[in-house]
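A quick write-up on the structure given underneath.
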Amino acid sequence: MTVSLSIENVTAHYGTTKVLEDLSLHIAEGELVSLLGSSGCGKTTTLRLVAGFLEPTAGKIRLGERDLTRLPAHNRDIGLVFQTYALFPHLTVRDNVAFGLKQRGVSAGERKRRADDMIDRVGLNALADRYPANLSGGQRQRVALARALVIEPPLLMFDEPLSNLDAKLRVDMRVEIRRLQQANGTTALYVTHDQEEAFSISDRVAIMNAGRIMQLDAPEVLYSRPANAFVADFVGFENMIPMKAIAESGDAVRAEMPGGATLNLPKDTFTVPSQNFILATRPEGLLVAPSGDGIPTSLGLRTYLGRAYQYQCDTAAGELKANGPLAHPYESGSNAVLIPQPEQCCLLPAEAA
Amino acid sequence: MQRKTHPLLIAFAALTFFFLVGPLIIIIGASVSDTSFLTFPPRGLTLHWYQNAFEISAFKRTFVTSLMLAVGGTALSMCIGIPAAYAMARYRVELPRFLGNIFVLPILIPEIVLGFSLMKSLATGINLPIMLSLLIGHALIVLPYCVRVVGASLNSFDFSIEEAAVSLGCPRWKAFFTVLLPNVRAGIIAGFILAFITSLNDVSVSIFLTGPGVSTLPIQLLAHMEQFFDPTIASVSVLLMGVTVAVMAIVERTLGLTFLTK
């Protein structure tokens, strides 16, 4: 059974503080959507509203045909995986997994069979009689996953499930989560502050800030075509360069950079939003060259990144970051130009700066 | 490898031990003294005073009263204390901080004052039966232990465990009993023992609330001591220690005392 989740114009308050503002989000059947943002952006609040631990002050939450908005949390039928795992310390792995089945009145024999089956699927069959205290972090999270999956919920939700694990295990576990979610075709809502984690396993990602969704798109789109300055900065477009469109030819727009040099922006790739606009790039999108059509700069501090050198560059547009090739290290203090590489840039409306 | 210990530390530790155990040895010694007055070291050796303790019916009667009060008072106090401790741990951020201190007041107020005010309000004020006012009084003086000790174990409880149970289809009231209570059992038992012993030994509150026909064992001991200064009270004290040790031993056997230090 797969259903969609709809959050419709939801507003939420903590006391008198507004934490979510008219938020809407639709997750299609079998889709995994991540809420990504720093702490306090409202992502966990959203999850807790759907889980039923908080009540919205306005708006509706629907799971398939069911209206969840005022339904008690224990009737919502949602599989939840917590950051702290939240296993029952007084129960064995098997009884932890069987807990949800017991609440549903499944008979003891059937309970054991289905719990053991699920424990087997997460690869813990040797540990079924252990208590959570005797498991490693990764094993605990597998139990938590099995416990949430065994009730065959129409919706799975994850609240920063990997942040208590070490780096290598995080990568293994997120693959495992994605595999199980796709195998069951379960609709899923995933909350995290880790961009790589969100991008790697999600069908779509919602980047949140101050109780609003700033952009909801496929990871590939977010990564290369951020829609606004907040998202651009969030995904690593660290350089925001003010530009001015000065001429238009058949297939390109000619724009002036700080310092007076010009740059051709092909029309088939770029839509110039207004006469004054912002060109956003990552450090690798600015080529450091001795001379040419670019932004004049005095190179500052050089740092070694492994794949390149990075320079702090003092320019008419403020301090920019640019990566230079390993083959030609520039001395700090030397003069150079920064040439934007159009294919690694995106254009934003000017007021975003 | 030999650990180096300062001689002053050994002396300090020995002294501490002596002060803790010394009085118990004196009482045990006095209780077997073959004299008609309390004395230490004992002169002669007899179990007469133990026999005497069992023969005085007032001791037996008040012991039963004391046991009932200790069990009943502690149970009543737990019924108030556990939900209070739960609320304060669960809603730590939302609730004002002074609430926690209110539950410690019975310890902070001099017990004499507490006893006197309880007498004025419960016994002579609204004329409650003696047993009932004693029960309320005892529940009140042990409340701080219940709230504090249970609270300590709730403070280290991860409340997302409770939410996990709810998300799996368990109503909140049921999750309280099936998930929360089993995980703070240690704190509840520790609180129960502390409260039980405090109630069993209480004098200053009980003395105001006892009345005609109803008394507790410590009050009876006090009354006995005013009339007879014989070693019977020492023997009763030893028996009381025995009861406490027995309670601890049963708990140790059934649950293990390690939970007290957890």
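Between B:GLY187, B:CYS170, A:PHE82, the Cα set farthest toward the positive side of the dipole of the protein assembly as shown (charges on each charged residue's Cβ, about the Cα centre) is that of B:GLY187.
For the options A:ILE246, A:ILE151, A:ILE177, a Gaussian network treatment of chain A with springs between C-alpha atoms closer than 10 Å singles out A:ILE246 as fluctuating the most. The order of the peptides A:281-290, A:223-232 by mean Cβ neighbours within 10 Å, most packed first, is A:281-290, A:223-232. On the accessible surface of chain A, probed at 1.4 Å, how many percent belong to carbon and sulfur atoms? Heavy-atom surface of chain A belonging to carbon and sulfur, 1.4 Å probe: 48 percent.
Here the sum of -39500 (n - 2.57) over DSSP H runs of 4 or more residues, divided by the residues of the protein assembly as shown, equals -13500 deg cm²/dmol at 222 nm, to the nearest 500. The protein assembly as shown gives an Rg/Rh value of 1.17, both radii derived from C-alpha positions and Rh following Kirkwood. Annotation: per residue accessible area for chain A equals 44 Å², rounded to a whole number [probe 1.4 Å, protein chains only].
Each of B:ILE197, B:ALA246, A:THR271 was scored by the projection of its Cα onto the charge dipole of the protein assembly as shown, and the greatest displacement toward the positive side belongs to B:ALA246; charges sit on the C-beta of Lys, Arg, Asp and Glu. Stokes-Einstein diffusion of chain A at 4 °C, 1.567 mPa s viscosity, Kirkwood radius from Cα pairs, rounded to a whole number: 56 µm²/s.
Overall, the accessible surface of the stretch B:60-182 at a probe of 1.4 angstrom is composed of carbon and sulfur to the extent of 73 percent. About its Cα centre, the protein assembly as shown has a charge dipole of approximately 1900 debye under the convention of +1 per Lys or Arg Cβ and -1 per Asp or Glu Cβ, with nothing else charged. Computed over the alpha-carbon pairs of the stretch B:58-261, the distance histogram in 10 Å steps reads 8, 30, 31, 20, 8, 2, 0 percent, short to long.
Placing +1 on the Cβ of every Lys and Arg and -1 on the Cβ of every Asp and Glu, with no other charges, gives the stretch A:285-353 a dipole of roughly 240 debye about its Cα centre. For the stretch A:5-232, the dipole from Cβ point charges (+1 on Lys and Arg, -1 on Asp and Glu) about the Cα centre works out to 540 debye, to the nearest 20. Note on the protein assembly as shown: antiparallel DSSP beta bridges, both residues inside, total approximately 75 percent of the bridges counted. Taking B:ILE250, B:ILE233, B:ILE28 as the candidate residues, the one with maximal mean-square fluctuation in a Gaussian network model of chain B, Cα springs under 10 Å, is B:ILE250. If you run the Gaussian network model on chain A, springs between alpha carbon atoms under 10 Å, then out of A:GLY250, A:GLY79, A:GLY259 the most flexible one is A:GLY250. Once you reduce the stretch B:54-95 and the stretch B:209-256 to the center of their Cα atoms, the two points are 17 Å from each other. Once the Cα atoms of helix B:57-90 and of chain B are each reduced to a long axis, what angle between those two axes, in degrees from 0 to 90 to the nearest 10, is obtained? Roughly 20 degrees between the two axes.
With a ≥ b ≥ c taken as the square roots of the eigenvalues of the C-alpha gyration tensor of the stretch A:236-352, please select rounded if a/c is under 1.5 and otherwise prolate if a/b is larger than b/c or oblate if it is not?
Values: a/c = 1.96, a/b = 1.87, b/c = 1.05.
Prolate, since a/c reaches 1.5 and a/b exceeds b/c.
Here the contact order of the stretch B:29-80, divided by its residue count and restricted to Cα pairs under 8 Å and six or more residues apart, works out to 21 percent. Between the amide H of A:VAL10 and those of A:LEU23, A:SER24, A:LYS60, distances stay under 5 Å, these residues lying 5 or more places away or on another chain, with hydrogens modeled in the peptide plane.
Between B:ASN201 and B:LEU24, the simple label model (points 7 Å from Cα in the Cβ direction) yields a spacing of 1.1 nm. Mean sequence separation of contacting Cα pairs (under 8 Å, at least six apart), scaled by the length of chain B, corresponds to a relative contact order of 30 percent.
Mean separation of Cα pairs under 8 Å and 6 or more residues apart, divided by the residue count, gives chain A a relative contact order of 16 percent.
Between the Cα long axis of helix B:130-155 and the first principal axis of chain B there is an angle of about 50°, rounded to the nearest 10. If I fit a long axis through the Cα atoms of helix A:93-103 and take the longest principal axis of the Cα atoms of chain A, what angle between them do I get, 0 to 90°, rounded to 10? Computed tilt is about 70 degrees.
Rounded to two decimal places and with Rh computed the Kirkwood way over Cα pairs, what is Rg over Rh for the stretch B:1-66?
On the way: Rg = 18.9 Å, Rh = 15.0 Å.
Rg divided by Rh gives 1.26.
Chain B contacts chain A over a buried accessible area of about 1600 Å², both sides summed; the probe is 1.4 Å and only protein chains count.
Each of A:VAL221, A:LEU189, A:LEU91 was placed along the dipole of the protein assembly as shown (beta-carbon charges, centred on the mean Cα), and the one lying farthest toward the positive end is A:LEU91. Applying 1/(1 + (r/R0)^6) with r as the Cβ-Cβ distance of A:ALA316 and A:THR16 and R0 = 45 angstrom yields a FRET efficiency of 0.50.
For A:THR192, the shell of other residues with beta-carbons less than 12 Å away shows a net charge of -2, using +1 for Lys and Arg and -1 for Asp and Glu.
The values are calculated or read from the model by the stated rules, or taken from the named source; none is laboratory data. Worth saying up front: this structure is predicted, and the values here are computed from it rather than measured. Backbone-built Cβ (ideal geometry, glycine too); neighbour counts: all protein chains shown. Quick note on the areas: whole protein, heavy atoms, side chains included, nothing else; ligands and nucleic acids left out. Shrake-Rupley method; radii C 1.70, N 1.55, O 1.52, S 1.80 Å.
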